[in-house]
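This report concerns only the one structure given below.
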Amino acid sequence: MERTFRVRRVSYSLILLTVLCIALILWFAIKIDRYTVFIAVIVPFGLWVDQLLSKIMVQENGDVWMKRGFTGVVRIYGISKLVYNKKAWASRQITLYHTKGYITINPADKKAFIACMKEHNPLLEYVEK
């Protein structure tokens, strides 16, 4: 059975600050009658929604699928090594080495993700720095 993990989110205060800045930009655009500014707001908002809909799925055979909201699926096959670096910045702590290279991921519950990867892939080499 596959397990699903959420991607770590940004803080609510940063989201509130972003929404306030967008509202200020939109108010200013309406005030000066320049509606081309709306394009500059739509693209980051779409990327933000895409990040909110993202999830990490660990398959029964140990493969990892990262489902993005609008941008598709990244399938990571043949995972041979998991490196957990506690000293790295939060978004760079877990690195998965697979048949075509490596990828860094950022699950919300790191310890549960590592335990699930060890359970589904017993030949996985686990390194903690």
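The values are calculated or read from the model by the stated rules, or taken from the named source; none is laboratory data. Fair warning: this is a prediction, and the values are worked out from it, not measured in the lab. Heads up, the Cβs are rebuilt from the backbone with ideal geometry, glycines too, and the neighbour counts pull from every protein chain shown. Surface areas here come from the heavy atoms of the whole protein model, side chains and all, with no ligands, DNA or RNA. Shrake-Rupley method; radii C 1.70, N 1.55, O 1.52, S 1.80 Å.
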Accessible surface, 1.4 Å probe, highest first, among residues Phe45, Phe5: Phe45, Phe5
Residue-normalised accessible area of the chain, given per residue in Å² at a 1.4 Å probe: 69 Å²
Can you list the DSSP H helices in the chain whose Cα atoms extend at least 18 Å along the helix axis and whose mean Kyte-Doolittle hydropathy is 0.0 or higher? 12-31, 37-52
Once a ≥ b ≥ c are taken as the square roots of the eigenvalues of the Cα gyration tensor of region 1-55, is the result rounded (a/c under 1.5), prolate (a/b larger than b/c) or oblate (a/b not larger than b/c)? oblate
Reach of Lys55 by Cα under 13 Å, taken over aspartates and glutamates that are not fewer than 8 positions away in the same chain: Glu2, Asp109
Under 13 Å from the Cα of Lys111, which aspartates and glutamates turn up, not counting those fewer than eight places away in the same chain? Glu119, Glu128
Based solely on its DSSP helices, what 222 nm [θ] is calculated for the chain when runs of n ≥ 4 H residues each add -39,500 (n - 2.57) and the sum is averaged over all residues, nearest 500 deg cm²/dmol? -12000 deg cm²/dmol
SASA check, Tyr35, accessible area w/ 1.4 Å probe, all protein chains in place, rounded to nearest 10 Å², comes out at 120 Å²
Largest-first principal axis extents, alpha carbons of the chain, Å: 62, 29, 25
Just how much of Thr18 is accessible, in Å², when a 1.4 Å probe is used and the result is rounded to the nearest 10? 70 Å²
Ignoring ligands, DNA and RNA, please state the percent of accessible area on the chain from carbon and sulfur, probe 1.4 Å. 63 percent
Tell me the relative contact order for the chain as a rounded percent, counting alpha carbon contacts under 8 Å between residues six or more apart. 25 percent
Dipole in debye (nearest 20) - region 58-129, about Cα centre, beta carbon charges: Lys, Arg +1; Asp, Glu -1: 340 debye
Please tell me the relative contact order of region 66-123 in percent, rounded to the nearest whole number, where contacts are Cα pairs under 8 Å and at least six residues apart. 22 percent
